[in-house]
Amino acid sequence: MVLFLVLILPLLGAAAIAAAPRRPSIAWAGVAANGATLSLGVWLAVRVVRTGPLTGAWGILRADALSAFMVVVIGAIALLASWLGVRTMALDLHDGSSTPGRATTYGVLVQAFVATMLLAVLAANVGVLWVAVEATTIVTTFLVGYRRTKGSLEASWKYLVR
């Protein structure tokens, strides 16, 4: 159950951001989701160190000491990045280099990226791991090209091809 919750939290943040696309303050939902992911990751790490590996989803998900540590690292970096992203999107909206719709897309993509990274470190099945890594690549491609400038679109294309 806890492994599902780790994966669901970023998706709930993405759903909250997508549900209210015209409200700039909704970006804090991503920060809250990532903070909760970090907290749950710390709890998971303590539990795994004390009692051993944890499995879920009929053996598809697994958390051992290394993957629990990676959940904590992903949660911490996601929390910091989404916190900075709130300010960055506010500045972009203020100076006109972004629109509320594109800011919403950015917030949803960041949360999707966090969810796919978490799935990759918690996967106990090579097929699930492969799908998670490929999903991470696809989401990252859209994040790289987010600004839609010639340089960012070229970089996203090169990222996808190479």
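Each reported figure results from applying straightforward, stated rules to the coordinates on display, with no laboratory input. If you're wondering where the values come from, they're calculated on a predicted model, not measured in any experiment. Here Cβ is always computed from backbone atoms with ideal geometry, including for glycine, and neighbour counts include all displayed protein chains.
Here is the list for region 1-55: trypsin sites (Lys or Arg not before Pro) lying in DSSP coil, each with at most 13 other C-beta atoms within 10 angstrom of its C-beta, are 22. Each Lys and Arg adds +1 at its Cβ and each Asp and Glu adds -1 at its Cβ; summed about the Cα centre, the chain shows a dipole of about 180 debye. Would region 23-82 count as rounded, prolate or oblate if I go by the C-alpha gyration tensor, calling it rounded below 1.5 in a/c and otherwise prolate when a/b exceeds b/c, oblate otherwise? Taking the square roots of the gyration eigenvalues as a ≥ b ≥ c, region 23-82 is prolate. For n ≥ 4 DSSP H runs only, could you compute -39500 (n - 2.57) per run for the chain, divide by its residues and tell me the 222 nm figure to the nearest 500? -27000 deg cm²/dmol, from helical runs alone.
Dipole orientation for the chain: of the candidates 18, 133, 76, 18 has the Cα lying most toward the positive pole (charges on Cβ; Lys, Arg +1; Asp, Glu -1). When peptides 54-63, 26-35 are sorted by average Cβ neighbour count within 10 Å, with the highest value leading, the order is 26-35, 54-63. Taking the C-alpha atoms only, the angle from helix 150-161 to the longest principal axis of the chain is near 30 degrees.
Please list, in order, the residues from region 111-144 whose amide nitrogen is less than 19 Å from a point placed 7 Å along the Cα→Cβ vector of residue 80. Only 111, 113-115, 117-118 pass the distance filter. Between helix 28-51 and the chain there is an angle of about 20 degrees, using the helix long axis and the longest principal axis of the Cα atoms. Mind running the shape call on region 2-128? Use the C-alpha gyration tensor, a ≥ b ≥ c as the square roots of the eigenvalues: rounded below 1.5 for a/c, prolate if a/b tops b/c, oblate otherwise. Judged from the Cα gyration tensor, region 2-128 comes out prolate (a/c at least 1.5, a/b above b/c).
Quote the relative contact order of the chain in percent (integer), defining contacts as alpha-carbon pairs under 8 Å separated by 6+ residues.
Answer for the chain is 25 percent.
Taking label points 7 Å from Cα along the Cα-to-Cβ direction, residue 11 and residue 42 give a separation of 2.6 nm. Helix 2-19 versus the longest principal axis of the chain: what angle, 0 to 90°, nearest 10, using Cα atoms? Tilt of helix 2-19: around 20 degrees.
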